[in-house]
Structure formats: C-alpha cells, structure tokens
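Colleague: Before anything else, here's the structure in question.
The values are calculated or read from the model by the stated rules, or taken from the named source; none is laboratory data. Predicted, not measured: the structure shown is a model, and the values here were computed from it. We place every Cβ from the backbone using ideal geometry, glycine too, and count neighbours over all the protein chains shown.
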Amino acid sequence: MENGKKLVHFTRRERFCAAHKLWNKDWDAATNHDMYGKCSHENWHGHNYILFVTVKGSPDPNSGMIIDLRDLKRVIKEYVVYKCDHKNLNLDVDFLKDTVTTAENLVIAIWEQIEDPLKEFGVALHSVKLIETENNSAEYFG
C-alpha cells in the first residue's frame, strides 16, 4: 500500500533486433578481445532483444488501470524501440553514444530514457529488464 492506496506493478513487453559489439575505446584490441571474446568481433553481431518495462502505481477508480496501456506502449516505442530496432547500438543510437553496449549498460540507459516521460502519466518506473539471449538478461531497478 502506498498512502493508503493499493500499489500495483504492471509490465509491458516489447521486442527489438539490433547489432552491436562490446568494445571499450580506451583499451587496445587485444584487451577488448580478451575481455569480450566473440562479442568484440570487428564486424559486429546481433540479438533479438526482449524488453520488459514494469511501472507501479495505484489503479484509477474509474478505469481500473494505473496507466493507459496505449501511453505506456507509446513511451517505450518512441524512446527506445524506434531508436534501437534494426540499428547498430554502437553507431546509430544517440542515447548509447560512448557506452559499452553490455546488457547491464543498456538497461540503465533505457531506464534513463523512459523514467521522466512515464512520470507524466502518474506512474513510477519500477524496473527495466532486457533479455539478450535465452541465457542472459539484465534487470535494473533505478
């Protein structure tokens, strides 16, 4: 309960496909290859990412929702999916400039993109989870 109101977490799933390579520009090639292995391949590699965005808030007494799902979808697509889908994360995505594009850094950057726009709809961002492969994912709680 939050201020006497029932608190609900709601999660939206989106997907995007993108290329990247793990590379720290401050290291030489040998160090990058040693640290990141095949993920540092000069000609890039890609993933079919699955993104989960969880918001929290109290249901509106009239609509029964904490956020209009169309608004949640629009924010995620506008600030993340449209910028990342079928792009090179290292070269094409403004909010990832100078970032080592690990899943860990991606969830933080995605959080920073959508936190403020979601506040406009009266919900708080609870978590961002990104599944990179069937075996690897990262989750950030701010």
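Colleague: Given the residues Val100, Val53, which is the only one that is under 21 Å from Thr11 (Cβ atoms) and either small (Gly, Ala, Ser) or in contact with a Leu (Cβ under 8 Å, 6 or more places away or on another chain) (or both)?
Modeller: Numbers: Val100 fails: under 21 Å from Thr11 (Cβ atoms).
After ruling out the rest, the residue left standing is Val53.
Colleague: What residue, among those in segment 55-80 that are in contact with a strand residue (DSSP E or B) (Cβ under 9 Å, 6 or more places away or on another chain) and surrounded by fewer than 16 Cβ atoms within 10 Å (Cβ to Cβ), is nearest to Ile110 (Cα to Cα)? Working first, answer last.
Modeller: In the first step, residues of segment 55-80 are kept if they are in contact with a strand residue (DSSP E or B) (Cβ under 9 Å, 6 or more places away or on another chain); the result is 55-59, 65-67, 69, 72-73, 75-77, 80.
Still in the running and surrounded by fewer than 16 Cβ atoms within 10 Å (Cβ to Cβ): 59, 65, 69, 73, 77.
Numbers: Pro59: 25, Met65: 24, Leu69: 19, Lys73: 14, Lys77: 11 Å.
Here the answer is Lys77.
Colleague: Hey, any hits in segment 73-91 for a residue that's in a loop (DSSP other than H, G, I, E, B) and more than 30 Å from Lys5 (Cα to Cα)?
Modeller: As a first pass, look at segment 73-91 and keep what is in a loop (DSSP other than H, G, I, E, B): 85-86.
Adding the requirement that they be more than 30 Å from Lys5 (Cα to Cα) leaves 85-86.
Yes, segment 73-91 has at least one match.
Colleague: I've got another one for you. So, in segment 4-38, of the ones that are outside any strand (DSSP E or B) and among the charged types (D, E, K, R), which residue ends up surrounded by the most Cβ atoms within 10 Å (Cβ to Cβ)? So that I can check it myself, show each step before the final result.
Modeller: Initially, segment 4-38 is screened for residues outside any strand (DSSP E or B), giving 4, 6-7, 21-38.
Right, trim to among the charged types (D, E, K, R) and you get 6, 21, 25-26, 28, 34, 38.
On the way: Lys6: 10, Lys21: 21, Lys25: 8, Asp26: 8, Asp28: 9, Asp34: 11, Lys38: 9.
Ranking the qualifying residues of segment 4-38, first place goes to Lys21.
Colleague: Only residues that are in a helix (DSSP H, G or I) and more than 8 Å from the chain's Cα centre (by Cα): list them for segment 98-113, please.
Modeller: Going through segment 98-113, the residues in a helix (DSSP H, G or I) turn out to be 103-113.
Ala103, Glu104, Asn105, Glu112, Gln113 - these are the residues of segment 98-113 that are in a helix (DSSP H, G or I) and more than 8 Å from the chain's Cα centre (by Cα).
Colleague: Testing Asn48 on (1) touching a strand residue (DSSP E or B) at 6+ places or on another chain (Cβ under 8 Å); (2) over 25 Å from Glu134 (Cα atoms); (3) polar (S, T, N, Q), one condition comes back false. Which one is that?
Modeller: Status for Asn48: all satisfied but (2).
Colleague: Report whether or not Glu134 is modelled with pLDDT of 95 or more, outside any helix (DSSP H, G or I), surrounded by fewer than 15 Cβ atoms within 10 Å (Cβ to Cβ) and not hydroxyl-bearing (Ser, Thr, Tyr).
Modeller: Values: modelled with pLDDT of 95 or more: yes; outside any helix (DSSP H, G or I): yes; surrounded by fewer than 15 Cβ atoms within 10 Å (Cβ to Cβ): yes; not hydroxyl-bearing (Ser, Thr, Tyr): yes.
Taking the combined requirement at face value, the residue satisfies it.
Colleague: Further, regarding this structure: Give just the number: which of (1) more than 21 Å from Leu106 (Cα to Cα); (2) surrounded by 11 or more Cβ atoms within 10 Å (Cβ to Cβ) does Asn48 not satisfy?
Modeller: Unmet for Asn48, out of (1) more than 21 Å from Leu106 (Cα to Cα); (2) surrounded by 11 or more Cβ atoms within 10 Å (Cβ to Cβ): (1).
Colleague: A further question follows. Under 7 Å between Cβ atoms, at least 6 apart or on separate chains: pull out the pairs that start in segment 92-103 with a residue that is closer than 16 Å to Leu130 by Cα and touching a residue at least 24 places away in the same chain (Cβ under 8 Å) and end on any residue that is among the polar types (S, T, N, Q) and not in a helix (DSSP H, G or I).
Modeller: Pairs that qualify, where the first residue is closer than 16 Å to Leu130 by Cα and touching a residue at least 24 places away in the same chain (Cβ under 8 Å) and the partner is among the polar types (S, T, N, Q) and not in a helix (DSSP H, G or I), are Val100/Asn24; Ala103/Asn136; Ala103/Ser137.
Colleague: Let me ask something else about it. Name the residues in segment 104-142 that are of a type in the set (A, V, I, L, M, F, W, C), in contact (Cβ under 8 Å) with a residue 60 or more places away in the chain and closer than 20 Å to Val8 by Cβ, would you? Give the derivation first.
Modeller: First, the residues of segment 104-142 that are of a type in the set (A, V, I, L, M, F, W, C): 106-111, 114, 118, 121, 123-125, 128, 130-131, 138, 141.
Filter once more, keeping what is in contact (Cβ under 8 Å) with a residue 60 or more places away in the chain: 114, 118, 123-125, 128, 130-131.
Result: Ile114, Leu118, Val123, Ala124, Leu125, Val128.
Colleague: List the pairs whose first member sits in segment 40-62 and is more than 27 Å from Asp92 (Cβ to Cβ), whose second member is among the small types (Gly, Ala, Ser) and in a loop (DSSP other than H, G, I, E, B), and whose Cβ atoms are under 7 Å apart, counting only residues at least 6 apart or on separate chains?
Modeller: Qualifying pairs under 7 Å: Gly57/Gly122.
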